[in-house]
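Each remark here refers to the structure printed beneath this line.
The values are calculated or read from the model by the stated rules, or taken from the named source; none is laboratory data. Computed from a predicted structure; not experimentally measured. Every residue, glycine among them, receives a Cβ derived from its backbone with ideal geometry; neighbour counts consider all protein chains shown. Ligands, DNA and RNA are excluded from the accessible area calculation, which covers all protein heavy atoms including side chains. Shrake-Rupley method; radii C 1.70, N 1.55, O 1.52, S 1.80 Å.
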Amino acid sequence: MTGPATDTEMREFARMLDQVFATDRRAPGEAREFDRELWSTLAELGLTRLTGPESEGGSDAGWTESAYLLAAAGATDLPIAENDLLAGWLLARSGCPTANSGPAVVRTAAVLDADGTARHVPWARSVHALVALCEADGTWRVTEFARSDVEVTEAANLASMPRDHVRVDISAQQGTPVPADVVTEFLQRGALARALAMAGTMERVLALVVEHTSARTQFGRAVGKFQAVQAMVADIAAEGALARAAADAAVSIAEEHGFGSSEAGFAVAAAKSCAGHAASVVVRNAHQCLGAIGFTREHELHRHTNALLAWRSEYGSVRYWDEALVAAAAAAGERGLWPLITDG
């Protein structure tokens, strides 16, 4: 992709993504394994490094296109955001040398502590490399570690998605220095990626609920005809629309002002906060509408609802981003909150 995409191109892009992610390759109740076949398909289409330069197998796209990709991928749970928007971005921003190249390469990303450890790193067990941010002598540095140099303790989140604990020897790694604000942007980029994935997943949950309540009958009529059920479905739709609007607004503001701006900081905080609070309503109402079947291993609803609950705490919890919003409002001072909301 070169230059801003037209509306027609974006609609075609969205249709292509729907086709790519249309089939869930896992059998009901099957444990999550890295889908190499799907990753290869994404690589062939230039989607694993969507925002990367064409010279590195990327597509020279931006966050607008990534928003479509992350929403469409939903609970597929591949390290799309980590590989492109975090690891790929860190390598490009720092100029850190890499021994891994090609669109089929899989990377994940993490912020290491002083001991060279990080917890809950997506798909660390299955990647080719870990791109890490670590601080030494008051300077933040970016380093790429080959998978063979990473000690991995396998773990999973609420949705059974691999979220492994890692440890590396940082004493022998020089790394490439980066400004301290890279750490803040790393968190913001991860939070926005999760907000977009959550918005797309809420749309899938809404579709499942509408399908079930339209087909399921009680007392001679569709469940969806009962007023109480209609109210719950309406709340799912409203909360999902709010999460989508906040995430899309954050994408537009971040692309216009840059992640380092106060406008983008507020917009990302609002997007992740809205997505987290919306998830509570969407999950509760969806399972009330579907009843027991939504909890069974054979039905796909729980895959999406568990993903929503797990993603709420990744790249900052709901409370963290709520507090960020309060801090931004307080910092606005005499300027007031309303301009902060509307100026983006």
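Under Stokes-Einstein, with the Kirkwood radius over Cα pairs standing in for Rh, what whole-number D in µm²/s applies to the range 34-81 at 10 °C and 1.306 mPa s?
Numbers: Rh = 10.8 Å.
For the chosen part, D equals 146 µm²/s.
Taking each DSSP H run with n ≥ 4 as -39500 (n - 2.57) and averaging over every residue of the chain yields -16000 deg cm²/dmol at 222 nm. Each residue, R216 and A114, gets one label point 7 Å from its Cα in the Cβ direction; the gap between the two is 5.3 nm. The range 104-154 and the range 247-298 have Cα centres separated by 26 Å.
Just need the relative contact order of the range 136-248 here, percent rounded to a whole number, with Cα pairs under 8 Å and 6+ apart.
Numbers: 84 pairs, mean separation 24.6, N = 113.
Normalised by residue count, the contact order of the range 136-248 is 22 percent.
If a/c stays under 1.5 just call it rounded; otherwise compare a/b with b/c (prolate if a/b is bigger, oblate if not). Do that for the chain, with a ≥ b ≥ c from the square roots of the Cα gyration tensor eigenvalues. Prolate, because a/c is 1.5 or more and a/b exceeds b/c.
Length available on full extension from H257 to A146: 0.36 nm per residue minus the Cα-Cα distance, which gives 36.5 nm.
Summarising the overall dimensions of the range 164-222 from its C-alpha atoms, the Rg and Dmax are 22.8, 71 angstrom.
Suppose we look only past 25 Å in the calculated P(r) of the range 215-344. What percent of the Cα-Cα pairs does that tail hold? It would help to have the intermediate numbers written out before the result.
Values: 3234 of 8385 pairs.
Distances greater than 25 Å cover 39 percent of the Cα pairs.
The portion of the accessible surface of the range 151-232 made up by carbon and sulfur, rounded to a whole percent, is 51 (1.4 Å probe; DNA, RNA and ligands excluded). Computed with every protein chain present, the accessible area of I80 is close to 10 Å² [probe 1.4 Å].
Under the criterion of Cα pairs below 8 Å and six or more residues apart, the relative contact order for the range 56-192 equals 23 percent.
With +1 on the Cβ of every Lys and Arg and -1 on the Cβ of every Asp and Glu, and nothing else charged, how large is the dipole of the chain about its Cα centre, in debye rounded to the nearest 20?
On the way: 29 positive and 44 negative charges, 248 e Å.
Once rounded to the nearest 20, the dipole reads 1200 debye.
What order do you get for 8-15, 128-135, 59-66 when each peptide is scored by the mean count of other beta carbon atoms within 10 Å, highest first?
Values: 8-15: 13.0, 128-135: 22.0, 59-66: 19.2.
Peptide ranking by packing, descending: 128-135, 59-66, 8-15.
Volume per residue of the convex hull around the Cα atoms, evaluated for the range 136-198, comes out as 117 Å³.
Sort 92-98, 73-79, 42-48 by packing, meaning the average of other beta carbons within 10 Å per residue, with the highest value first. Provide the component values of the computation, followed by the final result.
Details: 92-98: 14.6, 73-79: 22.1, 42-48: 19.9.
So the order, starting with the most tightly packed, is 73-79, 42-48, 92-98.
Under a model in which nothing but the beta-carbon of Lys, Arg (+1) and Asp, Glu (-1) is charged, the range 208-299 shows a dipole of about 580 debye around its Cα centre.
So, for the chain, what is the accessible surface per residue at a probe of 1.4 Å, expressed in square angstrom?
Details: 15970 Å² over 344 residues.
I get 46 Å² per residue for this part.
From Cα pairs below 8 angstrom and at least 6 apart in sequence, can you work out the relative contact order of the chain, rounded to a whole percent?
Values: 553 pairs, mean separation 50.4, N = 344.
The value is 15 percent.
Cβ neighbours within 10 Å, averaged per peptide: list 284-293, 209-218 in order, most packed at the top. List each step's numbers first, then the result.
Numbers: 284-293: 17.0, 209-218: 15.4.
Put in order of decreasing packing, that is 284-293, 209-218.
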